[in-house]
Amino acid sequence: MKKLFQSLFLKMLAFVLVCILTPVLIGCCWFASIAYDEGMYFGEEPEFEHTSSAKRFVDVNLAEVREYIYWNDISGLIKAEYRFNHKNFAYIIYDEEENIVVNTIPENEMKNIHSPDDKGSEGYILVTEGYPADEVNEDGHTLKNYSMEGYLIMPMDPNYDGYAEFAEFEFISENLDYFIRMGIFCFASCAVLVLYLIAASGINSEGETELRGLNAVDYDILLFLAGIGIYALVELAAGLRWAYDDIYKYIAFGLCFAGLTAITLIVIMSTAAHFKAKKWWQHTMIWQCFHAVRTFLRWFMANIGITWKLALAVGAYSFVIYILGILTTEYNFGPFALLLALFVLAAAICIAIWFGSQLRKIKRGGEAIANGDFDYRINAKELWPVLRGHAYDLNCAALGMSKAVDDRLKSERFKTELITNVSHDLKTPLTSIVSYVDLLKKEDIQSETALEYIEVIDRQSAKLKKLTEDLVEASKATSGAVAVNKEVLGIGELIMQSVGEFSEKLENAEITPVMNLPEEDITVFADGRLLWRVFDNLIQNIIKYAQPGTRAYFDLSEEAGNAVLTIRNISREPLNMSAESLMERFVRGDASRGSEGNGLGLSIAKSLTELCGGTFDLMLDGDLYKVILTLPVYVQQ
């Protein structure tokens, strides 16, 4: 079955058969309509002289007689100079008193006049009776209310007018049944063949739907060309109607209808193929032009800046106003142009207001995202295409930042959990090592080498214990898992106690603390235990990394409602890194990592300061190392 739809030969054969059978079908329908008009389907078959064709033939000749009478003298008819009679038509004219004025029937043939009711008679058959005529002049006299009778002369002479209608009638009446059967056969065959062509259209030899040949032509172009072809053939057929009265006329008609059939069939098959391929709209010149314009507009919107777009809009508005000004001054369209200008101005104002409202939506979205609301989304569908891209960019930026923040929090949480878990896992064996070292130190060991080994193990285990504790504390401080108990305390007194606690170690490190504190202490609302640990880490950093023989400055002041503590000292080692890098975990100012410390002190101090509600800033200027702590001053309510 599929091969029937894939065979090109069968498609061409079906196409040719439809083009041949369709004109035959149209001819059969034409003859059938003539038969219906002549009454051949009702009762007994009529004679030609009693049909509408015979009446039309007689009436046309009577109309010519009447026109002659109207424009000429009737005496010409009386004198038989121009009697409008021939061997197939005759007429009689009566005046208003029913006297014969003109008679084209010879006197010896008057006995052969028959009425329309006579069947199968020969001679003069009365077809039209009482045909009215207008009043005319005849030698200065007026004839009124005269009438005419028209006669058909049977049998008809083939050399005169009217015989063609008679021959056509005889031909149709003798072959009507054949035409009916032929019409039914042609109709059924054309229906089957057209359905086959529709089903097989667009299918190639592999059974796939493909637009090729005439189907590859743009659908709207094909319809346009088909319309031109149909119009040309219809006009040609209309012209051929009066060209011939013989067999060539019907051949020309058949060729015209075959052409019309071929064009119509091509359109039907192309339509079916395009619908099968689901490309009837995309495969049109209109759609391609629309697609080209849409592509250009998208490129324009994507690549041309909003400044140029606004400039073009203003230019178009100015051009319209200029044209309206010309219409007003040059062509006297004053009121109309004024109304149109007011309408354009109102439209421009509305567009500007609408554009401003769209910009406000984008502005609100940008403010929300800037304030940290990464879940905020701008409804880009409500915006104009010129602004829609900016809304999509802001939404994508918010989505990206939200994802980045989530990833960062997840990473920080993972690192914190990892550090906490590892630190806890290290505590158990480390506690055993410390305990056994204490036991070994209490034993009476005589070997000096063994005592040195025990001393190294004791020192390194203590260092490892401190690192483990710092790791746990750093993870807690970063994650906010530290309990914060805020209270009112004097920050100057707390820093003095911290420096006093480390006075001996500062002296051993040859560091001289310089305290610049206000006479009246500054009170803050913070956790004293956490701030103590912050100062502890900072002072220990000074002891470990400050240049011996220098001073460490501790300056406390109140600025803009905040207590600002600045700690400065000179680094022993060159600080070849940024302040941000130094604030990271496990980063030390001693690049060789030869001194004590694990690089967690500053990170812990920063996290604890933030838990107390303050800020922690680090500044490096050459070898100058400066830490700035800012805490809100406590104000009693």
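For Arg364 and Phe525, calculate 0.36 nm times their separation in residues minus their Cα-Cα distance, and state this gained length in nm to one decimal.
Values: separation 161, 0.36 × 161 = 57.96 nm, distance 3.61 nm.
Value of the extension gain: 54.3 nm.
Between Ile268 and Ser357, take the C-beta separation as r, use R0 = 35 Å, and let me know the FRET efficiency to the nearest 0.05.
Efficiency for this residue pair is about 0.10.
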At R0 = 35 Å, how high is the FRET efficiency between Leu8 and Ala316 if r is their beta carbon distance? Nearest 0.05 is fine. 0.05
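Mind checking the full-extension length gain between Lys381 and Ala164? Use 0.36 nm per residue of separation minus the Cα-Cα distance, one decimal, nm.
Numbers: separation 217, 0.36 × 217 = 78.12 nm, distance 7.49 nm.
Full extension of this stretch gives 70.6 nm more.
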Simple spin-label estimate for Glu610/Asp444, 7 Å along Cα→Cβ, in nm, reads 5.8
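May I ask you to order 561-572, 445-456, 621-632 by the average number of other C-beta atoms within 10 Å around their residues, highest value first?
Details: 561-572: 19.1, 445-456: 11.1, 621-632: 16.9.
Top of the packing list down: 561-572, 621-632, 445-456.
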Quick one: length gained pulling Ala348 to Val293 fully straight, 0.36 nm per residue minus the C-alpha distance? 17.4 nm
Within 10 Å of each residue's Cβ, count the other Cβ atoms and sort Ile221, Ile172 from fewest upward. Ile221, Ile172
Taking the Cβ-Cβ separation of Val16 and Ser52 as r and a Förster radius of 51 Å, what is the calculated FRET efficiency to the nearest 0.05? 0.85
Filter Lys442/Lys544; Lys55/Lys87; Lys363/Lys410 down to the pairs with a C-alpha to C-alpha distance above 22 Å, please. Lys442/Lys544; Lys363/Lys410
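Starting with the fewest neighbours, write out Met577, Met40 ranked by other beta-carbon atoms found within 10 Å of each beta-carbon.
Details: Met577 14, Met40 18.
Ascending Cβ contact count within 10 Å gives the list Met577, Met40.
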Which net charge results when you count Lys and Arg as +1 and Asp and Glu as -1 among the other residues whose beta-carbon is under 14 Å from that of Glu452? -1
Extending each Cα 7 Å along its Cβ direction at Arg413 and Lys278, get the distance between those two points in nm, one decimal. 4.4
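Ranked highest first by average number of other Cβ atoms within 10 Å, how do 285-296, 224-235, 545-556 line up? Before the final figure, lay out the partial values.
On the way: 285-296: 11.7, 224-235: 13.7, 545-556: 17.3.
Descending mean neighbour count gives 545-556, 224-235, 285-296.
Laboratory data are not the source of any read-out in this text; all were calculated from the coordinates shown. Just so it is clear, the model here is predicted, and its values are computed rather than measured. Cβ coordinates were reconstructed from backbone atoms using ideal geometry, including for glycine residues, and neighbour counts include every protein chain displayed.
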